[in-house]
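Okay, structure first, notes after.
What follows is calculated from the coordinates using simple rules that are stated; it is not laboratory data. The model shown is predicted, which means the values in this text are computed figures rather than measured ones. Every residue, glycine among them, receives a Cβ derived from its backbone with ideal geometry; neighbour counts consider all protein chains shown.
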Amino acid sequence: MIGPAPSKRQARNIVPAASVVVTVALFMAAVALAGIGDRFVYVLPGLAPVAYAVVGAVIVHHQRGNRIGWLLCAGSIPFALLNTGSEYAYRAVIGESASLPAVTFVESSINVLPFLGLGLLVALLPQLFPTGTAISQRWRPTLWAAWGFIATGTISNLLIAEKIQGLPDVDNPTAIAAAQPLASALGVAALICLVLSVGAGLAGLVVRWRRSAVDERQQLKWFLAGVAPLLVPMALHDVLPVLAGAVIALLLPLVPITIGVAVLRYRLYDLDIVINRVLVYTTLSTMIAAVYLAIVVVVETVVGWGQGLGVQVAATVASAALFQPLRARVQRGIDRMFFGDRARPYEALTRLGRRLERAPAPQATLYGVVDTVADAMRVPYASIELAIADTIVTAAEHGTPTDEPARFPMIYQDEIIGHLTVSRRGPGADFSAADRRLLADLARHAGVAAHATQVTTALQQARLALVTAREEERRRLRRDLHDGLGPALAGVTLGLHAAQATIPTRPDHAAALLAGIQTQVEDVVRDIRRLVYGLRPPALDEYGLYRALQQHAAKIENEDRANGLAITVAAPATGLGALPAAVEVAAYRIATEAMTNVSHHAHARACHISLNLDGALQLDIIDDGRGLPAGTPAGVGLNAMRERAAELGGDLSITASGAGTHVRARLPIPELS
C-alpha cells in the first residue's frame with residue numbers, strides 16, 4: 001500500500017535533513033577509503049560540507065524564508081561528492097583497488113563539481129548574506145553572473161582536454177578535441193562571471209556595512225570572523241602545501257558555523273574582541289612571513305644560493321626581533337579601528353584638547369567636543385545638553401540616537417551646567433566601567449568648554465541687548481524731543497512773535513499771550529525734567545542712593561496717608577561708599593517699584609528697606625501686607641525688576657506669604673567681588 005504523498009512542509013524538512021545524511025555518509029566513505037595514514041589529511045576537507053549541511057538545515061528550520069540556509073545545504077553536496085570522489089578515483093587509479101566500478105564517471109564528476117560548489121558558496125552566497133536577498137533590483141545581474149559561472153565553467157571543464165587535478169596522469173575522459181576553442185572561450189567566460197560575482201559580493205558586503213544598523217553590522221562581523229582566519233594558510237598553501245592544507249581543512253568548518261551564528265544568534269555574543277584578535281594576528285603573521293621571505297630572497301640573491309641554513313636562521317632571528325614592535329603597532333591600529341580611543345584615555349583627552357584649541361567659534365567648540373567623543377568611543381550618537389533658563393537645550397549633537405542615551409554630568413565649579421549624552425553601540429551593549437570612566441573624564445573637560453561657550457554666548461547676547469537698549473533709548477529720546485519738546489518750543493516761538501506784533505497796538509492782548517507762553521515754557525521744563533529723570537534720577541546725583549530712597553519713601557507715605565503706611569530705609573553705618581552708576585540706578589528703580597507695589601496692592605501698614613554690602617549690594621524690601629496670592633502672574637513691574645537685576649549679572653527673588661512679601665535683589669559690584 002502506498003502512503004499519502006508528503007506535504008510541502010514535510011518536503012522542506014526532508015531536503016535539509018537529506019543533505020546532512022548525505023554529507024555525513026560521504027565523509028565516512030572518504031575516511032574509509034583513505035584509512036588512517038598518509039591520505040587521511042586529504043579527506044579532512046570533507047568536514048566542511050558536513051558543517052555546511054548541518055548549519056544550513058538549522059537555518060532552514062528556524063528561518064524558512066532565508067535563502068542562506070538552502071544555499072548552505074545545496075553547496076555542501078558537491079563539495080562532499082568532490083571530497084569522496086577524489087579519494088575514490090585516487091584509489092582506483094594508483095591504489096590497490098584498481099577494479100573499482102564507475103571510475104570514469106567519478107573522474108568526470110570531480111572535474112566539474114568544484115564549479116557548482118564554488119558558484120553557490122563563493123559567487124552567490126556573499127551577494128545574499130545575511131538576509132537571503134539581493135540589496136536591490138539593480139544587483140540582480142551579478143546574481144545571474146554567479147549562475148553563468150556555474151554553467152560555463154561546468155561545460156568548459158567537461159569539454160577541455162587536460163589532466164584531472166589531484167589525479168596523476170589522468171586525462172579528462174569527457175574531453176572533445178574539436179571543441180577546444182569553445183571550451184577555452186567558455187573558460188574565459190566563466191572567469192569573467194566569477195570575477196563579476198565575487199566582486200559584487202565583496203562590494204555588496206561593503207555597501208551593507210555602510211548602510212546597516214547595529215544588528216546587520218554585527219552579522220557582517222561574524223561573517224568576517226569566519227573568513228579571515230583562512231587568508232594566511234591560503235596564502236602559504238604553495239609554500240607549505242601539506243601543512244597549509246591541513247590548517248585550511250580544520251578552519252573551513254568555522255565559515256558555516258559563523259554564518260549560522262550571524263543569521264540566528266548574532267545578538268548573543270560581542271564579536272569585536274574576537275575579530276580584533278583575529279585581525280591582529282592575521283596581519284602580524286602576514287607581515288612576519290613577508291619579512292622572512294624578503295630577507296631570504298634578498299640575502300640569497302646578493303650573496304648567492306647555497307647559504308640556506310644560515311640565511312633561514314638570520315631571517316628567523318630578524319623576524320623574531322621585529323615581532324614585538326610590529327605587534328604593538330598593529331594592535332594600536334586595529335584597536336583604533338574597532339574601539340576608538342577607549343583603550344588610550346590620554347590620547348582621547350589630548351585629541352579633545354586639540355579640537356578645543358582649534359575651534360574658531362564658541363558653537364564650533366561644542367560640536368568639536370561631540371565629534372571627538374563619538375569618534376573616540378565609536379558610538380552612533382553624542383550630544384551636549386545645556387541648562388539655560390530652566391530649560392534643557394541641545395547645544396550640539398553628532399549622529400542619530402539609537403536608544404535611551406547614557407548621561408554624564410558636565411560640572412563647572414561644583415555646579416552641573418549640562419550633560420554629555422552618549423548612545424550605546426548596540427542593543428544591550430552597555431558601557432564598561434572603563435568606558436564610563438573615560439566618558440566621565442571627557443564630560444568634565446567638556447564642562448569647562450560648555451561653560452566658556454555659555455559665558456561667551458551670554459556676553460554676545462549682553463552686547464546685543466546693550467546695543468539694542470541704547471538704540472531704543474535714542475529712539476525714545478528722539479520721539480520725545482521731536483513729538484513733545486519740538487512742537488512746544490515751536491509754539492513758544494510763534495507766541496513770542498505774536499506778542500511782539502501786538503504790543504504796540506494791543507498791550508493787554510500781548511500780556512495774555514505772554515502768560516500763555518509762560519505756561520508753555522513751564523510745561524517744557526517739566527518735560528525736560530521727566531526726560532532727565534528717565535535717564536537717571538537727579539536725586540541720586542544730589543543725595544546718593546540712601547537719601548534718594550528716603551525722599552521717595554517720604555513721598556509714598558504722603559500719598560498713602562489714608563492707609564497710614566510707614567516706610568523705613570536702613571543703610572550700613574559706614575555708608576555705601578561710591579557705588580557704580582548702573583548699580584545705583586538699578587537699586588533705585590527696583591526699590592521705588594517695590595514701594596509703589598506696596599502702596600497700591602499690599603494694604604500694608606509698614607515697609608522696611610535695607611541696604612547692605614557683602615561682596616555685592618543687597619537690597620531687601622519687606623512689608624507686612626497681605627502678600628501675593630498663589631498663582632499670581634508676574635506683571636510688568638516685577639518683570640522689569642528682575643530684568644534690571646539680570647542686566648548686571650545679579651538676581652532677584654520674591655517670597656510671599658500671608659504675613660507679607662519679601663523682595664531681595666543682589667547686585668554685583670566688581671570692586672567688591
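3J(HN,Hα) couplings calculated from phi for region 597-602 with the Karplus curve 6.51 cos²θ - 1.76 cosθ + 1.60 (θ = phi - 60°) are, in sequence order, 4, 4, 5, 8, 10, 7 Hz; Gly and Pro show x. The distance from the alpha carbon centre of region 121-200 to that of region 547-585 is 101 Å, rounded to a whole number. Counting other Cβ atoms within 10 Å as a rough exposure proxy, the listed residues TRP144, TRP70 run TRP144, TRP70 from fewest neighbours to most.
Peptide packing: for 497-507, 250-260, the average count of neighbouring Cβ atoms within 10 Å per residue gives the ranking 250-260, 497-507, highest mean first.
Under a 5 Å amide H cut-off, with hydrogens placed 1.01 Å from N, TYR412 pairs with ILE417 among residues at least 5 apart or on other chains. In terms of packing, defined here as the mean over residues of other Cβ atoms within 10 angstrom, the peptides 452-462, 81-91 line up highest first as 81-91, 452-462.
Report the local net charge at PRO537: Lys and Arg +1, Asp and Glu -1, summed over other residues whose C-beta lies under 14 Å from its C-beta. Here the charged neighbours net out to +3.
The packing ranking of peptides 557-567, 589-599, 119-129, highest mean first, is 119-129, 589-599, 557-567, where packing means the average number of other beta carbon atoms within 10 angstrom of each residue.
Near LYS163, once Lys and Arg are set to +1 and Asp and Glu to -1 for all other residues with Cβ below 10 Å from its Cβ, the sum equals -3. Converting phi to 3J(HN,Hα) with the Karplus coefficients 6.51, -1.76 and 1.60 and the offset θ = phi - 60°, region 154-160 yields 5, 5, 4, 6, 6, 8, 6 Hz in sequence order, with x at every glycine or proline. The phi torsions of region 570-587, fed into the Karplus equation with coefficients 6.51, -1.76 and 1.60 and a -60° offset, translate into couplings of 10, 9, x, 5, 7, x, 9, x, 8, 7, x, 4, 5, 5, 4, 5, 4, 5 Hz, rounded to whole numbers, with Gly and Pro shown as x. Here the simple spin-label model places points 7 Å from the Cα toward Cβ, and for HIS603 and LEU231 these points are separated by 8.7 nm.
Please compute the net charge surrounding ASN563, taking Lys and Arg as +1 and Asp and Glu as -1 over other residues with Cβ under 14 Å from its Cβ. Cβ neighbours under 14 Å give a net charge of -2.
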